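Rule-based calculations on the coordinates, nothing more; no lab input. Predicted, not measured: the structure shown is a model, and the values here were computed from it. Note: ideal-geometry Cβ built from the backbone for every residue, glycine included; neighbour counts use all protein chains shown.
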Amino acid sequence: MTMSPPTALATSLSARMADHARVVADKVVLVTGGTGSFGRAFLDVILQLGQPRKVIVLSRDEQKHYQLEREVADPRLRCFVGDIRDRDRLRTALRGVDIVVHAAAMKHVPICEYNPLEAVHTNVNGARNLAEAAIDNGVERVLALSTDKAVSPANLYGATKLCMEKLLIAANAYVGDRPPRFSAVRYGNVMGSAGSVIPLFQAQRARGRLTITDERMTRFWIRMPDAVALVLRGLGLMTGGEIFVPKLPTSDIVTLAEAVAPGVPREVVGIRPGEKLHETLLSAEEARRTRDLDELMVIWPEFRFHGGAAPVAGRPLPEGFVYASDVAQPRLDVDETRALLEPSPRAALHAVPEARVA
């Protein structure tokens, strides 16, 4: 499997962002965890390109709501302080909502390992609450954000995201041929998102020393505009039960470190609790029911939950195919990684408050 050269800086998904954004036109959209890195980027795109009727941001972080309301002066924006652990608050927030993008989660691997019950309450119980509230309110579509760590999970975070996928995909069975429909997208590390290794390397660069967990470590990488475009494309394609997986470049941690901080000394400190050397976006078991649609891959559900499910489309994957970061292509070199780190014009447009709708 191949993809366009990563130095082109734009996948076929984000290159057609405006077309994909039409899926939210005249819709009421709610984003759980909408004050986070993805939520802010998604909000900027749909307000400028999607023409939604209303966008509701649901987040438990009061301070981030305060900042959001002062940076985005758009009459279509609604800020709801709320927690996906609170089923009653979700039922209230989802009244009249057409589309839900579920981005709320505890996502830091060591923190989830040390606080397992909290991770389960948010990532698993929160998904159940969302499914029930969406069914109660007759929401049209719910699309959840998942992670490569959900495949053959080695840590609690990955296990909770696997449970989240299973809960929401199976929710299609509870509604039959009525709305809502539930699907998911699954991708790798987002370049520069809050809490990722790139901001850490940038901060360590100023101090003159980088910490490397293990020099063999590899990861899938996706730019934020491409993650937003993937979600919009998934919303347009979904009929319920699919998991959408993009084709992504990979790099090893040493290449990434050299791209961010060339020549800065590095110290190997060992893998953190729950971390894996390599990540997998698609397992061999899932590959048997996955099809290649060129710009992305679609994992079709094992069960046909409802009569409106789309017929299986696309090309089958090779027998025994596994999409893992240590073998997937393309593997970026230092220059390609550095180019991917640079914001594209569209990424820059959605990264600064001055460019937001006023």
**Report entry** lysines whose Cα lies under 23 Å from that of K161, excluding same-chain neighbours fewer than 8 positions away
**Finding:** K107, K149, K247, K276
Query raised in the report: In the range 134-216, which trypsin sites (Lys or Arg not before Pro) fall in coil by DSSP and have 16 or fewer other Cβ atoms within 10 Å?
Result: R209, R216
Query raised in the report: Which whole-Hz couplings ³J(HN,Hα) result when phi for each residue of the range 84-99 is put into the Karplus expression 6.51 cos²θ - 1.76 cosθ + 1.60, θ = phi - 60°, listed in order with x for Gly and Pro?
Result: 5, 6, 9, 5, 5, 5, 5, 4, 5, 5, 8, 5, x, 7, 9, 10
Query raised in the report: Which lysines, on any chain, are close to K54 with Cα under 18 Å apart, when same-chain ones fewer than 8 places away are left out?
Result: K27
Report summary line: the chain: relative contact order from alpha carbon pairs under 8 Å, six or more residues apart, as a whole percent, is 19
Report summary line: Percent antiparallel among DSSP beta bridges confined to the range 184-274, nearest 5, equals 30
**Report entry** Net charge of Cβ neighbours under 11 Å - reference T255; Lys, Arg +1; Asp, Glu -1
**Finding:** -3
Query raised in the report: Taking other Cβ within 10 Å of each residue's Cβ, how do I84, I253 sort, fewest first?
Result: I253, I84
Query raised in the report: Given the chain, what percent of its DSSP beta bridges are antiparallel, to the nearest 5?
Result: 30
Query raised in the report: Going by how many other beta carbons lie within 10 Å of each one, how would you line up H102, H306, fewest first?
Result: H306, H102
Query raised in the report: Among residues other than E132 whose Cβ falls under 10 Å from its Cβ, what is the net charge (Lys/Arg +1, Asp/Glu -1)?
Result: +2
Report summary line: Once phi for every residue in the range 40-45 is put through the Karplus expression 6.51 cos²θ - 1.76 cosθ + 1.60 (θ = phi - 60°), the whole-Hz ³J(HN,Hα) values, with Gly and Pro written as x, are 5, 5, 5, 4, 4, 5
Requested in this report: Give the relative contact order (percent, whole number) for the range 71-127; include only Cα pairs under 8 Å separated by 6+ residues.
Outcome: 36
**Report entry** Environment charge at L296 (Cβ cut-off 13 Å; Lys +1, Arg +1, Asp -1, Glu -1)
**Finding:** +1
Query raised in the report: When only DSSP loop residues count, what GluC sites (Glu not before Pro) in the range 117-200 have their Cβ near at most 16 other Cβ atoms within 10 Å?
Result: E140
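Only bridges whose two residues both fall in the range 166-318 count here: according to DSSP, what percent of them are antiparallel, nearest 5?
Approximately 65 percent, going by the DSSP bridge assignments.
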Report summary line: Spelling it out for R266: with amide H atoms placed in the peptide plane at 1.01 Å from N, the residues 5 or more places away or on another chain with amide H under 5 Å from its amide H are L210
Query - For the range 293-310, 3J(HN,Hα) per residue [Karplus equation, 6.51 cos²θ - 1.76 cosθ + 1.60, θ = phi - 60°, Hz, x = Gly/Pro] - result: 9, 6, 7, 7, 10, 10, 8, 7, x, 6, 10, 8, 6, 7, x, x, 4, 5
